[in-house]
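Chemist: Structure in structure tokens, see below.
The values are calculated or read from the model by the stated rules, or taken from the named source; none is laboratory data. Bear in mind that the values here come from a model prediction, so they are computed numbers and not experimental data. Cβ placement follows ideal geometry from the backbone for every residue including glycine, while neighbour counts extend to all protein chains displayed. Ligands, DNA and RNA are stripped out before the accessible areas are found, and what is left, the full protein with its side chains, is counted by its heavy atoms. Shrake-Rupley method; radii C 1.70, N 1.55, O 1.52, S 1.80 Å.
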Amino acid sequence: MTQEHDNSNDPLHAKKKAWSGRFSEPVDAFVLRYTASVDFDKRMAMADIDGSLAHATMLAKVGVISQQDLDDITRGMTQIREEIQQGTFEWQLELEDVHLNIEARLTALIGDAGKRLHTGRSRNDQVATDIRLYLRSEIDVIVERIEHLQEVLVHQAKEHASVIMPGFTHMQVAQPVTFGHHMLAYVEMFERDRERLLDLRHRVNRSPLGAAALAGTTYPIDREYTAKLLGFEAVVQNSLDAVSDRDFAVEFCSAASLIMMHISRLSEELVVWMSQRFAFIRLPDRFTTGSSIMPQKKNPDVPETARGKSGRVYGDLISMLTMMKGTPLAYNKDFQEDKEPVFDAIDTVKDTLRAFCDMMAGVEPRVDNLHQAAQAGYPTATDLADYLVRHGTPFRTAHDIVGQTVREASQRGCGLEDLPLDVLQSFSASIEEDVYEVLKLEGSVNARDHLGGTAPNQVRFQVARWEEIIASRQAKKA
């Protein structure tokens with residue numbers, strides 16, 4: 001009788017694929033590099049450990065593994081977690097991914113108990129669980145950075161509630177607004193971004209663990225229990241959907257793209273405002289660079305880089321959509337390509353928000369230049385029309401009258417507020433001396449004293465509202 005050779009402790013055997021028993025020919029080194037993911041998915045290591053511990057705890061609870069096995073797995077995972085945190089863990093390309101690397105190390109540390117960990121589980125539901133856990137934690141970080149940026153912008157609005165600047169439509173001076181009002185517009189944009197992420201988090205926070213490869217498992221598992229252990233809000237109800245769903249990753253890239261779109265709009269304004277032609281603001285030197293040949297230059301590198309990186313995140317979204325559109329149920333190797341776009345979008349958004357929190361805190365409006373620029377282009381023309389309407393002139397007639405006064409001011413090379421009273425009265429007998437209060441920039445912004453308006457009073461009201469919101473958020477975290 002031939003004795004079976006036990007090679008389970010053979011290091012060469014340990015490096016064989018978990019599925020290699022099906023095949024006789026080894027994987028070519030190039031193919032291994034092409035298909036491996038450990039170089040990038042190892043960032044999910046902590047999520048993988050957490051998911052495995054929850055799975056092992058459940059297996060012990062339902063009697064599939066012993067309490068001793070669970071204790072050994074817990075001890076081994078604790079050591080692996082420390083090795084990864086200390087940078088001493090040896091990642092092996094031939095083990096393909098984060099899951100097999102950790103499992104192989106666990107088995108080396110604790111023996112057969114490590115081999116029992118994967119009972120009732122597949123890498124398909126394992127990776128789906130890991131990416132949800134990882135993304136959930138990163139969403140929390142991004143939400144926190146959005147809130148920090150909002151705090152910075154609210155402070156800018158408070159400090160500059162009365163600073164007058166030109167408001168634009170079609171990049172033409174339209175009506176005067178306040179710098180504080182302009183900053184608060186971005187606070188509202190980022191609030192929608194925050195709300196989208198929090199709403200998305202509910203869909204991320206559902207457990208696929210227990211779906212196994214695609215059809216579930218024959219073991220008496222308790223999916224609700226593992227979901228509770230991992231802090232998931234719900235369990236994905238269909239095993240096929242559980243392992244093949246990446247909607248949440250697509251949705252995250254979409255939300256990230258919107259964040260970057262708002263950052264890019266703000267970046268564009270900062271670039272324009274900083275230019276010599278506008279000279280509306282000063283940026284802190286540490287966010288700018290000089291030219292290699294032109295010593296007078298001060299280039300807005302951070303806003304320009306952020307503006308460019310928006311396209312990078314858009315690309316992550318398109319990559320995800322394109323990858324998913326042709327994949328039948330259930331799991332496909334294509335899904336390995338879901339991680340790099342998501343990771344890239346996470347890193348880009350986090351880094352960009354961090355830079356903008358610091359940079360926007362240091363933005364200084366150049367008050368005199370803003371005021372002077374706001375006087376160009378007859379920005380109080382609408383105020384004159386409103387003045388005439390309040391004095392009984394039909395709006396369309398008032399519109400025509402104001403057009404005539406603008407033409408007169410243009411021919412004289414002056415502003416509406418510089419036209420003599422008798423000239424203004426030649427266009428309408430309704431015009432009185434008090435019209436000059438209307439034609440001043442201060443009068444224009446102060447007159448828009450309603451909810452959502454640009455008046456300094458309304459800016460201060462909105463600042464107070466946002467300060468209350470911020471204080472409430474901080475109290476909930478305390």
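Chemist: List the relative contact order of the stretch 181-302 as a percent without decimals, with contacts defined as Cα pairs under 8 Å and 6+ residues apart.
Modeler: Values: 105 pairs, mean separation 25.1, N = 122.
It rounds to 21 percent for the stretch 181-302.
Chemist: Let me ask something additional. Between [x] 63, 23, 19; [y] 36, 29, 19; [z] 34, 33, 19, which matches semi-axes √(5λ) of the Cα gyration tensor in Å calculated for the structure shown?
Modeler: Only one option fits the structure, namely [x].
Chemist: Does the stretch 138-190 come out rounded, prolate or oblate by the C-alpha gyration tensor, with a ≥ b ≥ c the root eigenvalues, rounded set by a/c under 1.5 and, if not, prolate when a/b is larger than b/c and oblate if not? Mind showing how you got there, number by number?
Modeler: Numbers: a/c = 5.23, a/b = 1.94, b/c = 2.69.
Oblate is the answer for the stretch 138-190, as a/c is 1.5 or above yet b/c matches or exceeds a/b.
Chemist: Net charge near residue 463, counting Lys/Arg +1 and Asp/Glu -1 over other residues with Cβ under 12 Å of its Cβ? Don't skip to the answer; put the middle values down first.
Modeler: On the way: positive: 158, 460, 465; negative: 151, 159, 467, 468.
Result for the local shell: -1.
Chemist: If I take every Cα pair under 8 Å that is 6 or more residues apart in the chain, average their sequence separation and divide by the length, what percent do I get for the relative contact order?
Modeler: Numbers: 630 pairs, mean separation 76.8, N = 478.
Relative contact order here is 16 percent.
Chemist: From the cross-link list 309/339; 61/477; 309/350; 158/350; 228/333, which pairs have alpha carbons spaced over 23 Å apart? Mind showing how you got there, number by number?
Modeler: Values: 309/339 18 Å; 61/477 33 Å; 309/350 12 Å; 158/350 26 Å; 228/333 29 Å.
Violating the 23 Å limit, Cα to Cα: 61/477; 158/350; 228/333.
Chemist: Give me the net charge of residue 420's neighbourhood, meaning all other residues with Cβ under 13 Å from the Cβ of residue 420; Lys, Arg count +1, Asp, Glu -1. Intermediate values should be presented prior to the final figure.
Modeler: On the way: positive: 412; negative: 408, 417, 418, 422, 433.
Charge balance near residue 420 sits at -4.
Chemist: Can you give the calculated 222 nm mean residue ellipticity of the chain, where each DSSP H run of n ≥ 4 adds -39,500 (n - 2.57) and the sum is split over every residue, rounded to the nearest 500 deg cm²/dmol?
Modeler: Details: 21 runs with 296 residues, N = 478.
Helix-only estimate at 222 nm: -20000 deg cm²/dmol.
Chemist: Apply the Karplus parameterisation 6.51 cos²θ - 1.76 cosθ + 1.60, with θ equal to phi minus 60°, to every residue of the stretch 274-282 and state each ³J(HN,Hα) to the nearest whole Hz, in sequence, with x for glycine and proline.
Modeler: 7, 5, 4, 5, 9, 6, 7, 9, 10
Chemist: To the nearest 10 square angstrom, how much accessible area does residue 203 have with a 1.4 angstrom probe?
Modeler: Surface open to solvent at residue 203 totals about 80 Å².
Chemist: On to the next question. What shape does the stretch 74-116 have by the C-alpha gyration tensor, where a ≥ b ≥ c are the square roots of the eigenvalues, rounded means a/c under 1.5, and otherwise prolate means a/b greater than b/c and oblate the rest? Provide the component values of the computation, followed by the final result.
Modeler: Values: a/c = 2.29, a/b = 1.10, b/c = 2.08.
It is oblate, given that a/c is not under 1.5 and a/b is not larger than b/c.
Chemist: Return the long-range amide H neighbours of residue 167 (sequence gap of 5 or more, or a different chain), with a cut-off of under 5 Å between placed amide H atoms.
Modeler: Distant-sequence amide H within range of residue 167: 174, 175, 177.
Chemist: Specify the angular offset, from 0 to 90 degrees and rounded to the nearest 10, of the alpha carbon long axis of helix 67-86 from the longest principal axis of the alpha carbons in the chain.
Modeler: 50 degrees
Chemist: Sort 343, 427 by accessible area with a 1.4 Å probe, largest first. Write down the numbers at each step before the final one.
Modeler: Details: 343 10, 427 50 Å².
Largest accessible area first, the residues go 427, 343.
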